[in-house]
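A short write-up of the structure that comes next.
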Amino acid sequence: MLPQGLNEPGCPRPITLPKVLAVEGQSPFQFFKALLRHLGLLDKIEIRNYGGLQELPLFLQTLAATEAARKLESLGIIRDAESDAKAAFASVCSALQKARECLSPASSLPRLSVPDHPGVKTIAVPSVSIFILPDCVNAGMLEALCLESVKGDPAASCVDEYLACLNRYEHPLPANMAKARLHVFLASRSEPECLLGQAAHQGYFPWSSPVFDSIKRFLQAL
């Protein structure tokens, strides 16, 4: 039995497709489900929610030790850069290395390879690639990418005005401004209670925006 982090949120089932995309949490799970549907890849790439960053090593170790690894052709792993894209990439590589080391030398299961650079697939089978949001280079997160895609929307300037108003009244600002800005923007939509993943299904983020080009290429190459 695979751990909960390997299962679709609320719908446990075994891996059935040879390409797997592992993402960090339920909102990214829904976001990438919407994006894969837009790209026509939802029946070719299986999404798995590994939970949080602390759960990623267990996710990978369990995946590497199950029979599902024999059928795996490629694995893509996505996480936020947060404050340091290089450190985020290194942390995923460390988790992959631990997954390699958890297999006994006598095991016939394939070992997960470790990429040298973000966004580039390894040549091993299964291939492994890592994408660090928002663009494999800069600090940030998925919310920042979504905000960039809607910066031409009239409501985007209202987001800045709202936060500036809070600042004028010396109201404490949220610690995570990217998440705060996104929630303020989503409050302007017809269904203001949407979370990020739900907003993606509602079409609130324009997939035609060039800010999504690099992540789309990553998914298409998986």
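Among the residues making up segment 128-153, those that are at pLDDT 95 or above and in a strand (DSSP E or B) are V128, S129, I130, F131, I132, L133. Within segment 166-198, being over 23 Å from A139 (Cα atoms) and either at pLDDT 90 or above or charged (D, E, K, R) (or both) holds for R168, E170, A187, S188, R189, E191, E193, Q198.
Note on segment 71-93: residues that are under 20 Å from E143 (Cβ atoms), among the aliphatic types (A, V, I, L, M) and part of a loop (DSSP other than H, G, I, E, B) total 1. Considering segment 84-93, and only residues there that are in contact (Cβ under 8 Å) with a residue 24 or more places away in the chain and among the small types (G, A, S), the residue that is surrounded by the most Cβ atoms within 10 Å (Cβ to Cβ) turns out to be A88. Taking the criterion of being part of a helix (DSSP H, G or I) and without any contact (Cβ under 8 Å) to a residue 24 or more places away in the chain, would at least one residue in segment 95-107 satisfy it? Yes; the residues of segment 95-107 include at least one that is part of a helix (DSSP H, G or I) and without any contact (Cβ under 8 Å) to a residue 24 or more places away in the chain.
The values are calculated or read from the model by the stated rules, or taken from the named source; none is laboratory data. Values in this document were obtained by computation on a predicted structure and should not be read as measured data. Using ideal geometry, Cβ is built from the backbone for each residue, glycine included, and neighbour counts are taken over all protein chains shown.
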